[in-house]
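Take a look at the structure below.
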Amino acid sequence: DSLFLLHCLLEFQRKLPINFEIEVCTIDPMTPSFDPSPLIPYVESLGLKYHYIRDDIVARASSSGKDGQTVSSLCAFCARMKRGNLYTCARRNNCNKLVLAQHLDDCAESFLMSVMHNGFLRTMKAHYEINAADLSVIRPMVYCRESLMTEFAKSANLPVINENCPACFEEPKERARIKKLLNREETLYPNFYDNIKRSLIPLMHDDATAIMRCYTEEAIAKSRKENHKKVVPKGGKDNKKQFSEQDTKKLAAPVKSTPAPDSKRVKVLTEFSEEELVKELARRKAEKFRLSGSMKRLEEDNAPNGEVQLPPDPTGQVCSLNGGDGSIPCRELME
């Protein structure tokens, strides 16, 4: 995948009217079954600056868990360490873009795993800025199929180094199982991945995750509230209280209510918590998309002259959601 991406970038560099430089980085986890060193002469033959980083990730994993024990997930730990090395390498060499080679198949697998194991609609983003705001991560191949990349690698005779990490391939893993599941569905529905791609586009919007997380937490909070029981007067509903004429006059008299001192005071932004600000931003974004989408169209359909122009597609800008920082928590690995 990475070699396919590299040659695409070289082709873009030659043909597009955009000036940019390309540097290549490989992380060697120093496992006996995976040796990417043959890539060194190949990348250097392309005339590119090459960064080859050796990091004994497996050895570090044996003591980086809780209380100095082995980490619970070697794959997650390895992914975080590799990403941290890539961020560091990019910063040291004044690179402002980290280009990754994940494809549509990877995004579909990540989406389904998120739904099945986390109960949340989420997938990898095609473009986002990390929290440090000094580096952007882009994935130009998110609409490209894995089979197309494999076909190109074979036809171009690229020096592909197979990933043989013992932690990933000593037994069937969940991603491999999901891949088989999706491939089986594609045999039944030939347009399966086209529909998957269309479904993932909204999830790649910069506000999608924040909006859906806000609505999810709000719905869960409402569902957990206890139903308030109505207090029934003693004697049942028919036991109505009798008011005298004097009591009725008292009730009819105007009552001057004094509002609470802070009931109408407008809060300034500094008084809101971070959670309240995020919720308000998500609510306003959702309202904006609702008004510019089908609801607005339904209202305009009743225009007197019938001359309705559809609003522009609010999802035109696909994705720029902020991702994780150098630490990259496990729950943010899909970013």
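The values are calculated or read from the model by the stated rules, or taken from the named source; none is laboratory data. Since the structure is predicted, the reported quantities are computational estimates derived from the model, not experimental observations. Don't worry about glycine lacking a Cβ; one is built from the backbone with ideal geometry, like all the others, and counts go over all protein chains shown. The accessibility values were calculated without ligands, DNA or RNA, using every heavy atom of the protein model including side chains. Shrake-Rupley method; radii C 1.70, N 1.55, O 1.52, S 1.80 Å.
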Taking 51 Å as R0, compute the FRET efficiency from the Cβ-Cβ separation of S72 and K15 and round it to 0.05. 0.65
Of K125/K154; K197/K279; K15/K173; K179/K279; K173/K197; K154/K180, which sit over 30 Å apart, Cα to Cα? K15/K173; K179/K279
Against the globular-protein guess of 2.2 N^0.38 Å, express the Cα radius of gyration of the stretch 1-99 as a ratio, rounded to two decimals. 1.27
When the scattering of the stretch 16-58 is computed by the Debye formula from its Cα atoms alone, each counted once and equally, what is log10 I(q)/I(0) at q = 0.24, 0.34 Å⁻¹? -0.84, -1.18
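In terms of solvent-accessible area of protein heavy atoms at a 1.4 angstrom probe, what is the ranking of M212, M149, highest value first? Write out the running numbers ahead of the final one.
Values: M212 50, M149 5 Å².
From most accessible down to least: M212, M149.
Once Rh for the stretch 49-120 is found with the Kirkwood sum over Cα pairs, what is the Stokes-Einstein diffusion coefficient at 37 °C and 0.692 mPa s, in µm²/s?
Numbers: Rh = 14.7 Å.
Value of D from the Cα-based Kirkwood radius: 223 µm²/s.
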Top to bottom by accessible area (1.4 Å), largest first, where do T216, T31 land? T216, T31
Let me spell out the model: positive unit charges on the Cβ of Lys and Arg, negative unit charges on the Cβ of Asp and Glu, origin at the Cα centre of the stretch 1-152. What dipole size does that give, in debye rounded to 20? 420
For q = 0.15 Å⁻¹, Debye-computed log10 I/I(0) when each Cα of the stretch 92-199 counts as one equal scatterer: -0.84
Carbon and sulfur atoms: what percent of the 1.4 Å accessible area of the stretch 37-189 do they account for? 53
Ranked order, F77, F192 - accessible area, probe 1.4 Å, largest first: F192, F77
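Between A176 and R283, what FRET efficiency comes out of the Förster formula 1/(1 + (r/R0)^6) with R0 = 45 Å and r the beta carbon distance, rounded to 0.05?
Values: r = 40 Å, r/R0 = 0.89.
Computed FRET efficiency for R283 and A176 comes out at 0.65.
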Relative contact order (percent) for the stretch 34-167, with alpha-carbon contacts under 8 angstrom and 6 or more residues of separation? 24
